[in-house]
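Some notes on the structure that comes next.
The values are calculated or read from the model by the stated rules, or taken from the named source; none is laboratory data. Every value quoted in this text rests on a predicted model; they were computed, and no experiment measured them. Note that we place each Cβ from the backbone using ideal geometry, even for glycine, and neighbour counts take in every protein chain shown.
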Amino acid sequence: MVALATQIKAADAAEATTSSSGEAFLQLSLTPDIALHSKDTAIRGVSLNIWGENPQHSLTLGFVNGSTGDSGGFSWGLVNYAENYTGVQWSFFNYCKGDFTGWQGAAVNYTQGSFVGLQSGYVNYAKNMNGLQWGLVNYTDNLNGVQIGFANIAMNNGWFDEFPNKLAKVFPFVNWSF
């Protein structure tokens, strides 16, 4: 019992030290404004959320997981969103405002910037794709890689020069551009 109390006291002291420097190991969040730490605190450990939003390099589990700044790690929830992310996002819906490196796995994956890695889902979108899109519908403006799915659209592929005004010939199951 005394050993456990000592460990808890040491953990609290370590967390107080990291909190004052703008970092913490653990985040518990009901909303971004109702949480153990402010949404400006970088989480480097574990984040458990109903709805959380922090800069982080951590394991993030919750219903809605928001990552601000240049974040990374593993996020698993119903909805994941990020500014820039490196790592793995698994959910029903993944959104990245900037650049993503790693694996997005969801029903719908949407990356506004450059994507490097694997997108797997029913619908995948990346402005610039470097890697593999695997889903029912895959779309990118610039593909440097492979798309596997029912409908594969890469706007930099010559087949789509007149899209959407004219239906292009397309390989319905595989598309590539290097």
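A few remarks follow.
- Applying the condition of being surrounded by fewer than 22 Cβ atoms within 10 Å (Cβ to Cβ) and among the aliphatic types (A, V, I, L, M) to region 94-116 and asking which residue is farthest from G135 (Cα to Cα) yields V116.
- All conditions in (1) in contact with a His (Cβ under 6 Å, 6 or more places away or on another chain); (2) modelled with pLDDT under 95 hold for E162, with the sole exception of (1).
- Boolean, T68 is in the same structural domain as E23 (by TED's automatic domain parsing), without any contact (Cβ under 8 Å) to a residue 40 or more places away in the chain, under 21 Å from L28 (Cα atoms) and in contact with an Asp or Glu (Cβ under 8 Å, 6 or more places away or on another chain): yes
- Single unsatisfied condition, Y85 versus (1) crowded, with 20+ Cβ neighbours inside 10 Å; (2) more than 20 Å from E53 (Cβ to Cβ): (2)
- Condition met for L118 (more than 13 Å from the chain's Cα centre (by Cα) and in a strand (DSSP E or B)): no
- Check on G98, at pLDDT 95 or above, of a type outside the set (V, I, T), within 30 Å of F178 (Cβ to Cβ) and in a loop (DSSP other than H, G, I, E, B): yes
- Of T86, T101, T41, T60, all but one fail to be without any contact (Cβ under 8 Å) to a residue 24 or more places away in the chain, assigned by TED's automatic domain parsing to the domain that holds M129 and among the hydroxyl-bearing types (S, T, Y); the exception is T101.
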